[in-house]
Amino acid sequence: MFKTRSETSAFFDAFIPEILDVEHCDIVVAPPFTSLATAADEADGTRVAISSQNVHWEAEGAFTGEISVRMLLDVGCTYAIVGHSERRQYFGETDESVARRARAAVKGGLYAIVCAGETLTERDAGKASEVVRRQVREGLGQLTPSDLSHIIVAYEPVWAIGTGRTATPEIAAEMHAEIRKIFAEIHSPSAADALRILYGGSVKPDNISALMKKEDIDGALVGGASLDPTSFARIVRYL
């Protein structure tokens, strides 16, 4: 919940020149709903795509405070984040609602960035793999083979979000490998090989290179460090 429309414009004015020559990765920015149209206008003609931070499973209706796939497409979104840990922690998001949102997003034509991750209590209790397995199975298990090309998974350990604590590259890689294994079990080995899995949790310019060197880490879901255009550009240009 950061950045007004004018602040969003200022962000892009500073960010776009920094990444114009980047070709090694896809770049997606996910502003709040009120700044989506502004962001889409600012990113027009560049390689930067726009994502929402949430999406509802119905096309329209009496769902005050929600937003539909059609509305997001209308303002220029191509991605939607689904099941972010803050949505689960503060707003009652469940594995079932995550699954419904993810299915609606991909069937409507958006790429869904589906989040999964354990709390500190769950990790300390030795339940990290169990929790993430459940979230992936229940959140993505009902997708059809044709849906899978529009799914991206983001592993975001809740204990490493906004705390300054970061999962070591080894911990992150271990959980990414586990997610790929689960995906192979519920879909197919080929689908698991093609799946892009992002790491999210206090990603910064000074730790992105070490994270990206790990085999099963395909990208990053960046939080606080993306608010500053120079910081975010350094992450994008980690090579």
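Which helices pass in the chain if a helix is a full DSSP H run, must span at least 15 angstrom along its long axis by Cα, and must have mean Kyte-Doolittle hydropathy not below 0.0?
5-19, 169-186
Once fully extended, how much extra length lies between Phe63 and Glu174, figured as 0.36 nm per residue of separation less the alpha-carbon to alpha-carbon distance?
Taking 0.36 nm per residue and subtracting the Cα distance, the gain is 36.1 nm.
Would you work out if segment 108-156 is rounded, prolate or oblate? Take a ≥ b ≥ c from the square roots of the eigenvalues of the alpha-carbon gyration tensor; rounded if a/c is under 1.5, else prolate when a/b is larger than b/c, oblate otherwise.
Prolate shape, in that a/c is at least 1.5 and a/b is the bigger ratio.
Where does each of 95-102, 39-46, 80-87 land if you order them by average Cβ count within 10 Å, highest first?
Peptide ranking by packing, descending: 80-87, 95-102, 39-46.
Roughly speaking, what is the centre-to-centre gap between segment 179-195 and segment 18-65 when only Cα atoms are used, to the nearest Å?
Between the Cα centre of segment 179-195 and that of segment 18-65, the gap is 27 Å.
Looking only at Ala167, Ala14, Ala112, which one moves most when the chain is put into a Gaussian network model with springs between Cα atoms under 10 Å?
Ala14
What FRET efficiency do you get for Ala10 and Glu185 if R0 is 45 Å and r is their Cβ-Cβ distance, rounded to the nearest 0.05?
Once rounded, the FRET efficiency stands at 0.45.
Calculate the tail of P(r) for segment 19-115: the fraction of all Cα-Cα distances greater than 20 Å, expressed in %. Kindly include the intermediate steps, with their values, before the conclusion.
Details: 1655 of 4656 pairs.
For segment 19-115, the share of Cα pairs beyond 20 Å comes to 36 percent.
What are the semi-axes of the equivalent ellipsoid of segment 5-236, taken as the square roots of 5 times the eigenvalues of the Cα gyration tensor, listed largest first and rounded to whole Å?
Output for segment 5-236: semi-axes of 25, 22, 17 Å.
At what distance in nm do the modelled label points of Glu96 and Asp26 sit from each other, each positioned 7 Å from its Cα along Cα→Cβ?
For Glu96 paired with Asp26, the spin-label model returns 3.0 nm.
Between rounded, prolate and oblate, where does segment 138-220 land on the alpha carbon gyration tensor, with a ≥ b ≥ c its root eigenvalues, rounded for a/c under 1.5, else prolate if a/b exceeds b/c?
Prolate shape, in that a/c is at least 1.5 and a/b is the bigger ratio.
Read-outs: derived from the displayed coordinates by stated rules, not from any lab. None of the values given here were measured: they were computed from a predicted structure. For neighbour counting, all protein chains shown are included, and Cβ atoms are generated from backbone atoms with ideal geometry for every residue, glycine included.
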